[in-house]
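Reading through the structure tokens given below for one structure.
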Amino acid sequence: MERQFALGSLTALQSFQVHKRDSIYRNGTPASGFYYVKSGQIGLYQVSEIGKESLLRIYGTGSFFGYRSLFTQQKYPATSRAMLESEVVKIRIDSMQELERNAPELALTLMQEVCKELGEAEKRLLQYSAFSSKKRILDALIHLFSHYPNYPWTYREIGEFSGTDTSTVIRYCNNLKQANLLLSDSRKPRPVDVTQLQDYRNSLDIHPN
């Protein structure tokens with residue numbers, strides 16, 4: 001409700017439909033505001049120099065995205081793409097100062113989101129450098145199915161989010177199916193129970209071998 005009220009205080013709004021796999025903005029394009037997910041699901045992607053795609057972040061219904069450029073006055077640093085059929089609202093604001101004048105509560109919310117995302121990015125960077133591929137895959141499964149349990153996650157997307165090759169994800173998920181931690185009759189990776197999967201992940205820290 002607070003976010004709806006904040007949006008209502010703004011006048012430069014544009015609502016539009018986005019089909020699955022279509023981009024809202026691309027890496028390197030000039031920023032011209034930020035966005036609100038009215039319905040659906042949006043993924044934020046980065047492509048490396050060798051063409052490997054990483055799923056950096058997911059934004060569900062009620063989330064804002066693309067607002068970092070308000071703080072930096074830089075171009076969009078990544079590509080946003082619809083993971084489901086979505087309805088998105090574009091808020092045409094040129095600077096953080098303009099947003100603070102027009103919607104101070106929303107400006108504060110975005111500042112808090114930036115700090116939260118920075119902490120999450122630091123945590124994932126630590127995972128990439130310190131954790132094995134198995135732990136990264138488990139962490140990805142737990143995070144994605146805890147926050148977005150109804151989305152049909154694929155092995156490729158688990159790999160993109162965990163920084164792991166798809167073939168490695170498939171092999172390890174087959175092991176998890178044999179251990180009855182993932183549904184054995186599902187073509188896609190799906191936990192039998194997320195809490196059970198979390199308990200198994202915690203056991204690897206206690207008994208790494």
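As I understand it, the value is the acute angle between the Cα axis of helix 104-130 and the longest principal axis of the Cα atoms of the chain; what does it come to in degrees, rounded to 10? In the chain, helix 104-130 runs at an angle near 30 degrees to the longest axis. Average 1/r across all pairs of distinct alpha carbons in the range 50-112, invert it, and you get the Kirkwood radius: 13.5 Å. Only Cα pairs under 8 Å and 6+ residues apart enter the sum, and on that basis the relative contact order of the range 43-201 stands at 17 percent. Non-local lysine pairs in the range 55-167, meaning eight or more places apart or on different chains, with alpha-carbon distances under 29 Å, amount to 8.
Ligands, DNA and RNA are left out, and with a 1.4 angstrom probe the accessible area of the chain is 56 Å² per residue. Using only the alpha-carbon atoms, how far is helix 133-147 inclined from the longest principal axis of the chain? Give it as 0 to 90 degrees, nearest 10. Its long axis makes an angle of about 50 degrees. Ignoring ligands, DNA and RNA, what percent of the 1.4 Å accessible area of the chain is carbon and sulfur? Accessible surface attributable to carbon and sulfur in the chain totals 51 percent. For the chain, the equivalent ellipsoid derived from the alpha-carbon gyration tensor has semi-axes of 34, 17, 17 Å in decreasing order.
In the range 1-125, the ratio of gyration radius to Kirkwood radius, Rg to Rh, stands at 0.95 when only Cα atoms are counted.
The values are calculated or read from the model by the stated rules, or taken from the named source; none is laboratory data. What you are looking at is a predicted structure, and each value in this text was computed from that prediction instead of being measured. Note: accessible area is taken over every heavy atom of the protein model, side chains too, but ligands, DNA and RNA are not part of it. Shrake-Rupley method; radii C 1.70, N 1.55, O 1.52, S 1.80 Å.
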